[in-house]
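Trainee: Got a structure here, written out as structure tokens. Questions coming.
The values are calculated or read from the model by the stated rules, or taken from the named source; none is laboratory data. All values reported here derive from a predicted model rather than from experimental measurement. Glycine also receives a Cβ, built like all others from the backbone with ideal geometry; neighbour counts cover every protein chain displayed.
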Amino acid sequence: MSVMASLKKKVAGFVSCPTCAAISAVLAAAKVPGAVAQEVAYDRRVRAIDSKVKSKAKRAVAKRVVRPLTKQAKKRAKILSQELKAANKRARKKSGGLKKGWSQSRIMKEAHKKAQRRY
């Protein structure tokens, strides 16, 4: 049995969730009448917010599995890296700025074209 299943129980005709139970306890501590506390704590809007929070938390906790690069992908990455280095060398002045007519976009385009020819 999961933790969530064990936390759920019937309370005055409502299925309890940890959030609703916490809200109910806070309202009881504040001496709010029982019927009103139950009405507020187990309202559908509270349940909707609770499910949104849970789904966001699950997404944040879930780890993304990263597959290792294939031999071909490593080769292509290395070739593109070399071509980018060469294109940058052609496009830059001694001071490090771009030569006239060159942009980062043009550098990338030329590197991709040359890399494609080498695959």
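Trainee: For the range 72-119, which positions are hydroxyl-bearing (Ser, Thr, Tyr) and assigned to a helix (DSSP H, G or I)?
Mentor: Selection gives Ser81, Ser105.
Trainee: If you don't mind, there's one more thing I want to ask. Show the residue pairs meeting these rules: Cβ distance below 6 Å; 6+ apart or different chains; first residue within the range 95-118 and farther than 27 Å from Gln72 by Cβ and assigned by TED's automatic domain parsing to the domain that holds Arg76; second residue of a type outside the set (A, V, I, L, M, F, W, C) and in a helix (DSSP H, G or I).
Mentor: none
Trainee: While we're on this one: Could you pull out the residue among Val40, Val65, Val26 that is loosely packed, with under 14 Cβ neighbours inside 10 Å and in a helix (DSSP H, G or I)?
Mentor: Val26
Trainee: Run Arg64 past the list (1) charged (D, E, K, R); (2) modelled with pLDDT under 80; (3) touching a His at 6+ places or on another chain (Cβ under 8 Å) and report the number of the one that doesn't hold.
Mentor: If we test Arg64 against (1) charged (D, E, K, R); (2) modelled with pLDDT under 80; (3) touching a His at 6+ places or on another chain (Cβ under 8 Å), just (3) comes out false.
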